[in-house]
1. Which part of the range 96-111 falls in the paramagnetic zone of Ser130, meaning amide N under 14 Å from the point 7 Å along Cα-to-beta-carbon?
2. Express the relative contact order of the range 70-154 as a whole percentage, based on alpha carbon pairs under 8 Å and six or more residues apart in sequence.
3. Applying 1/(1 + (r/R0)^6) with R0 = 22 Å to the Cβ-Cβ distance of Thr116 and Ala62, what FRET efficiency is obtained, to the nearest 0.05?
4. Once you put a point 7 Å from the Cα of Asp46 and another 7 Å from the Cα of Phe93, both along the Cβ direction, what distance in nm separates them?
5. In nanometres, what is the gap between the two model label sites at Ser143 and Leu155, each 7 Å from Cα along Cα-to-Cβ?
6. Would you mind computing Rg(Cα) / (2.2 N^0.38 Å) for the range 70-154, counting N as its residues?
7. What is the set of long-range amide H partners of Ala104 at a cut-off below 5 Å, with H atoms built 1.01 Å from backbone N?
8. Which one of Met135, Leu107, Ser86 is farthest out on the positive end of the charge dipole of the range 70-154, using unit charges on Cβ (Lys, Arg +1; Asp, Glu -1) and the Cα centre as origin?
Amino acid sequence: MRDYSIDYNELSNTVNKVEKNIYRLSDVKHLLDKVAFDVVKFKDSDELWQVQDSDDGSYIIARYELDEPEAKKVSATHWDTLVSESSGDINIFYKGQPIVKMAASKLGISSEDVKTIKRFLPGKLASDKSFVKAMLNTLDESSRDAILKLYPELL
């Protein structure tokens, strides 16, 4: 009977990896470009993935949600960034309105990664509400309230 036994834990892990778009980092590391912090993308795609550590190694997990209705998504075209490579300042705009100015060094972004911010940050802001919330929480309360009054979709 042992020849026909099934390891259900391993089967569950395999099925979950396929369903959630998870890959072992060591298997795909050579196919990735670093975007920022723990965010990567495949060299042939613009979809963002997050690196997460677990007991059995590091994995990359898809940063997009397939079941979010299109009407609730905030378009990446609404977000814009201006990046000063010399000073390392990152200015973030939403629908042409300045939202926040941050120093790349404060965020842990190296000088060579500053160049990629302009290309990938608008998409990250459009797809990750927790990232937007964290960014808005860096503002003082009155500024944050004013922005949320103008743009309630950012909640």
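Here, each number is a calculation from the coordinates, and none is a lab measurement. None of these values were measured; they are calculated from a predicted model. Glycine also receives a Cβ, built like all others from the backbone with ideal geometry; neighbour counts cover every protein chain displayed.
1. It comes to no residues whatsoever.
2. Values: 98 pairs, mean separation 24.4, N = 85.
Here the relative contact order equals 29 percent.
3. Values: r = 19 Å, r/R0 = 0.87.
My answer for the efficiency is 0.70.
4. About 1.8 nm separates the two model spin labels.
5. 2.2 nm
6. 1.07
7. Asp89, Ile90
8. Going by the charge dipole, the pick is Met135.
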